[in-house]
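The values are calculated or read from the model by the stated rules, or taken from the named source; none is laboratory data. The structure presented is a predicted model; accordingly, all values stated were derived computationally and were not measured. No Cβ is skipped: glycine too gets one built from the backbone with ideal geometry, and neighbour counts run over all protein chains shown. Accessible surface is based on the protein model in full, side chains and every heavy atom, while ligands, DNA and RNA are left aside. Shrake-Rupley method; radii C 1.70, N 1.55, O 1.52, S 1.80 Å.
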Amino acid sequence: ESKAAYGRGYGKTQFRYAMTYVVITSVVLLVLNVYCSIACQNLFFESKKTSMIEKCLLASDEISTLEVLNTSTVSTVIGQIESLKVNRLLVTDQTGCTLYDSGPAAVGAYALFPEILSALDGNDVCSWRYRNGTIDSRAAAPIYYFGTIVGCVYITDYDAALGGLIQSLQRTILVITLLMEIVVMICTIAFSNTFSRRLNRIMASMRVIREGDYSHKVNMGGNDELTILGNEFNDLTER
């Protein structure tokens, strides 16, 4: 009965320590997974941010040469800029009123987006959102005319290719994380079983000694704490 009780107690302890180790490693790998995913998004966004702001500044510099800022003159300038490949380009005056919009017809309406309001305060701004494998980027830059802000350029871009790359990297990182956790679990189980067998060897020797065979020796092998415990046990039986 005592042997069975020991087996149950040790089995629970062994399982508890093994699960604790697995949980700790799972949390660490999960944190690394989240960190790597966020780091990848931020890395790609920085390159996207530079490109978006450069396009805004290019359009802003061209429009700033106009003496009269209206729908007709802005449309002419925008049509001459071939490198502006974005989903939507919007130009406003200094009050936020739309002078040009390549998207839905919003000329004459006020476009008070956060990026536009920030640009009208003199800032080059870019924001982004990653959703469903697509990066939704928005950027704005002020238009200066002899040092005075007379309007702003606002562009949006939906990049499915870059978003798909981020999604692919996230999946790869997740697969690697799961594989690493599986390896950790296998190693934990293997180590736990090895430790259990060696400890059971000492317990079996103690039962042999208890039954009167004082010449019995335990051979632990290895070079760790259990080896020292086995040697101490053998010294004890000799005495």
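Return yes when Gly163 is in contact with a strand residue (DSSP E or B) (Cβ under 7 Å, 6 or more places away or on another chain), modelled with pLDDT of 85 or more and within 30 Å of Ser47 (Cβ to Cβ) and no when it is not. Lay out the reasoning, then the answer.
Values: in contact with a strand residue (DSSP E or B) (Cβ under 7 Å, 6 or more places away or on another chain): yes; modelled with pLDDT of 85 or more: no; within 30 Å of Ser47 (Cβ to Cβ): yes.
No: the conditions fail for Gly163.
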Taking only the stretch 109-133 into account, find how many residues are open to solvent by 40 Å² or more (accessible area, probe 1.4 Å), under 19 Å from Ser47 (Cβ atoms) and assigned to a strand (DSSP E or B). 4
Reported set for the stretch 196-205 where residues are among the charged types (D, E, K, R) and either touching a residue at least 12 places away in the same chain (Cβ under 8 Å) or under 15 Å from Leu30 (Cβ atoms) (or both) is Arg198, Arg201
Hey, Ile63 hits all of (1) open to solvent by 60 Å² or more (accessible area, probe 1.4 Å); (2) touching a residue at least 60 places away in the same chain (Cβ under 8 Å) but one; which does it fall short on? (1)
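Quick check on the stretch 35-48. Is at least one of its residues of a type in the set (Ser, Thr, Tyr) and either at pLDDT 85 or above or touching a Ser or Thr at 6+ places or on another chain (Cβ under 8 Å) (or both)?
So in the stretch 35-48, the residues of a type in the set (Ser, Thr, Tyr) come out as 35, 37, 47.
Then drop every residue that is not either at pLDDT 85 or above or touching a Ser or Thr at 6+ places or on another chain (Cβ under 8 Å) (or both), which leaves none.
No, the stretch 35-48 contains no residue that is of a type in the set (Ser, Thr, Tyr) and either at pLDDT 85 or above or touching a Ser or Thr at 6+ places or on another chain (Cβ under 8 Å) (or both).
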Within the bounds of the stretch 211-222, is there any residue that is more than 26 Å from Met19 (Cα to Cα), in a helix (DSSP H, G or I) and free of Cβ contacts under 8 Å to residues at least 12 places away in the same chain? no
Suppose we keep only residues that are modelled with pLDDT under 85 and out of contact with any Leu (no Cβ under 7 Å at 6 or more places or on another chain) within the stretch 69-82. Which one would you say is surrounded by the fewest Cβ atoms within 10 Å (Cβ to Cβ)? Glu82
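Going by the structure shown, is Tyr145 touching a helix residue (DSSP H, G or I) at 6+ places or on another chain (Cβ under 6 Å), of a type outside the set (A, V, I, L, M, F, W, C) and modelled with pLDDT of 85 or more?
Details: touching a helix residue (DSSP H, G or I) at 6+ places or on another chain (Cβ under 6 Å): no; of a type outside the set (A, V, I, L, M, F, W, C): yes; modelled with pLDDT of 85 or more: yes.
Against the criterion (touching a helix residue (DSSP H, G or I) at 6+ places or on another chain (Cβ under 6 Å), of a type outside the set (A, V, I, L, M, F, W, C) and modelled with pLDDT of 85 or more), Tyr145 does not qualify.
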Just to verify a result, which residue in the stretch 45-76, among those that are of a type outside the set (Ser, Thr, Tyr), in contact with an Asp or Glu (Cβ under 9 Å, 6 or more places away or on another chain) and assigned to a helix (DSSP H, G or I), is farthest from Ile155 (Cα to Cα)? Lys48
Complete set of residues in the stretch 161-195 that are within 14 Å of the chain's Cα centre (by Cα) and under 15 Å from Ile24 (Cα atoms): Thr177
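For the stretch 67-84, how many residues are touching a residue at least 24 places away in the same chain (Cβ under 8 Å) and either closer than 30 Å to Ile166 by Cα or not polar (S, T, N, Q) (or both)? Outline the logic, then answer.
First, pick out the residues of the stretch 67-84 that are touching a residue at least 24 places away in the same chain (Cβ under 8 Å): 69-71, 74-75, 78, 83-84.
Within this subset, residues satisfying the condition of being either closer than 30 Å to Ile166 by Cα or not polar (S, T, N, Q) (or both) are 69, 74, 78, 83-84.
Adding up the residues that qualify gives 5.
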Failed item in (1) of a type outside the set (Gly, Ala, Ser); (2) farther than 30 Å from Val150 by Cβ; (3) open to solvent by 80 Å² or more (accessible area, probe 1.4 Å), with Gln94 passing the rest: (2)
Does the stretch 165-186 include one or more residues that are closer than 16 Å to Lys48 by Cβ and out of contact with any Cys (no Cβ under 7 Å at 6 or more places or on another chain)? yes
